[in-house]
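A short worksheet on the structure shown next.
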Amino acid sequence: MTDAPNTADPQLLHLVIGGELRHLDAPVFRDLSKVEFVGAFPNYAEAKAAWKARAQATVDNAHMRFFILHAHRMIDPRGEAISG
């Protein structure tokens with residue numbers, strides 16, 4: 001059984017990643033082998049919800065940071081790709 005794509009809303013791929021930073025003043029990870037891939041999401045709202053949940057779960061470590069990457073902009077910077 002295959003899921004039919006939802007053509008009502010375009011897919012705007014967002015990735016959520018995070019890990020421990022070397023310093024609080026720059027987004028440089030302490031150990032790239034330990035960068036956590038939280039997930040891939042079809043829109044910003046779902047990515048933000050995952051980012052918030054993961055960030056709140058690691059609030060005790062001041063060096064932990066999570067980021068939302070707008071992958072759809074990296075894949076198609078001019079916004080000309082057809083989704084669906």
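The values are calculated or read from the model by the stated rules, or taken from the named source; none is laboratory data. Here the structure is a predicted model, which means the values were calculated and not measured. Cβ: placed from backbone, ideal geometry, glycine included. Neighbour counts: every protein chain shown. When the accessible area is computed, the model is the full protein with side chains, heavy atoms only, and any ligands, DNA or RNA have been set aside. Shrake-Rupley method; radii C 1.70, N 1.55, O 1.52, S 1.80 Å.
Among what's in segment 37-49 and is without any contact (Cβ under 8 Å) to a residue 24 or more places away in the chain and farther than 16 Å from Met74 by Cβ, pick the residue that is surrounded by the most Cβ atoms within 10 Å (Cβ to Cβ). Across segment 37-49, the extreme among qualifying residues is Lys48. The set of residues in segment 50-66 being surrounded by fewer than 16 Cβ atoms within 10 Å (Cβ to Cβ) and either on the phi > 0 side of the Ramachandran plot or not in a helix (DSSP H, G or I) (or both) consists of Val59, Asp60, Asn61, Ala62, His63. Checked against (1) in contact with a His (Cβ under 7 Å, 6 or more places away or on another chain); (2) of a type outside the set (Phe, Trp, Tyr); (3) open to solvent by 60 Å² or more (accessible area, probe 1.4 Å), His70 passes all but a single condition, namely (3).
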